[in-house]
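Heads up: the structure comes next, in structure tokens.
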Amino acid sequence: MSDTPSENRRTQAVAVVDPQSPGNVGTIARAMKNFGFEDLLLIDPPELDPDGEAYGFAGHAREDILPNATEITFEELVSEYHTIGCTAVTNEDDRSHVRFPFSTPAELADRLPAVDAPTALVFGRERVGLTNEELADIDEICSIPASAEYPVLNLGQAATVTLYELRTLTLADEDTQLPDIERVRAPEQTIDRLYDQWADLLEEINHPDEKREKTMRLLRRVYGRADLTAREANTLLGLLRRATERPEPNQEDA
């Protein structure tokens, strides 16, 4: 672990203040690796034994993020970065500005690209998080929406959820393991044939004339929201065609 701050840090850093458990440091490093974050800053960390919990919990982050973590002071952190303190406990209104106002991780993901400064997400201790004194020196507050009955997440969970929500800051779509998920909507001619086939079916089953217009409008809205692919639309067309053109019952079976 480096003892001096890196001179060429990535814009989005993750800082952990006074973590007690090496395993939690490893878990956070792993979450960083999952979601494209590389710069880990540690304030008063425990010893991170390469044969211990931290490296055991870090997964592939043991190869780069964890050994390249930078140990700095809290004073260096708040002076060099735009800091976002992560806490489960917020004030209810604007009578105190230590924990209010706050943003959710999703709201941060929309806004942080406009911040023209190196930023650091700051996580506190396992049991007490960040103190009010530390939060007073931090630029803004982030809090994960959770049950009012039990909003407190453990350190590793909180970091993982937050980094997941902020992955758009570090990962482009092509950087994830997911295939291209862009849906190709069926041609309008195919969708129109689907509506025509529904109209034929309503006639075939003697759907009441006064209800057909309303029923077709409902179907158009359902399919409009669904954004059917060509394969989906053609499959439905085939089913509707079979239903519409079903053979007459055999007279002998009548």
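The values are calculated or read from the model by the stated rules, or taken from the named source; none is laboratory data. Nothing here was measured: the structure is a model prediction, and the numbers come from that model. Every residue, glycine among them, receives a Cβ derived from its backbone with ideal geometry; neighbour counts consider all protein chains shown.
Screening ALA120 on (1) in contact with an Asp or Glu (Cβ under 9 Å, 6 or more places away or on another chain); (2) at pLDDT 90 or above; (3) in a helix (DSSP H, G or I) shows it passes everything except condition (3). Scanning region 14-58 for residues that are in a strand (DSSP E or B) and of a type in the set (A, V, I, L, M, F, W, C) turns up VAL14, ALA15, VAL16, VAL17, LEU40, LEU41, LEU42, ILE43. VAL115 falls short of the stated requirement of being surrounded by 14 or more Cβ atoms within 10 Å (Cβ to Cβ), among the β-branched types (Val, Ile, Thr) and either touching a residue at least 40 places away in the same chain (Cβ under 8 Å) or in contact with a Pro (Cβ under 9 Å, 6 or more places away or on another chain) (or both).
For region 132-153, a tally of residues being out of contact with any Asp or Glu (no Cβ under 9 Å at 6 or more places or on another chain) and surrounded by 15 or more Cβ atoms within 10 Å (Cβ to Cβ) returns 8.
When region 40-91 is examined, which residues are found to be without any contact (Cβ under 8 Å) to a residue 24 or more places away in the chain and touching a strand residue (DSSP E or B) at 6+ places or on another chain (Cβ under 9 Å)? Hit for region 40-91 is ASN91, nothing else. If the condition is being of a type outside the set (A, V, I, L, M) and either more than 42 Å from the chain's Cα centre (by Cα) or farther than 14 Å from TYR223 by Cα (or both), then region 184-212 contributes ASP200, GLU203, GLU204, ASN206, HIS207, PRO208, ASP209, GLU210, LYS211, ARG212. Would you say LEU219 is modelled with pLDDT under 95, among the hydrophobic types (A, V, I, L, M, F, W, C) and under 30 Å from ALA120 (Cβ atoms)? It is false that LEU219 is modelled with pLDDT under 95, among the hydrophobic types (A, V, I, L, M, F, W, C) and under 30 Å from ALA120 (Cβ atoms). Among the conditions (1) over 23 Å from LEU135 (Cβ atoms); (2) at pLDDT 95 or above, GLU75 misses just one, which is (1). Residues that are assigned to a loop (DSSP other than H, G, I, E, B) and either among the small types (Gly, Ala, Ser) or surrounded by 12 or more Cβ atoms within 10 Å (Cβ to Cβ) (or both) were ranked within region 177-213; the one that is modelled with the highest pLDDT is HIS207. Considering only residues in region 154-176 that are part of a loop (DSSP other than H, G, I, E, B) and surrounded by 16 or more Cβ atoms within 10 Å (Cβ to Cβ), the one that is modelled with the lowest pLDDT turns out to be THR170.
Please verify whether GLU126 is loosely packed, with under 14 Cβ neighbours inside 10 Å and modelled with pLDDT under 90, treating the condition exactly as stated. No. Checking each residue in region 208-230 for being in contact (Cβ under 8 Å) with a residue 40 or more places away in the chain and not aliphatic (A, V, I, L, M) picks out ASP227, THR229.
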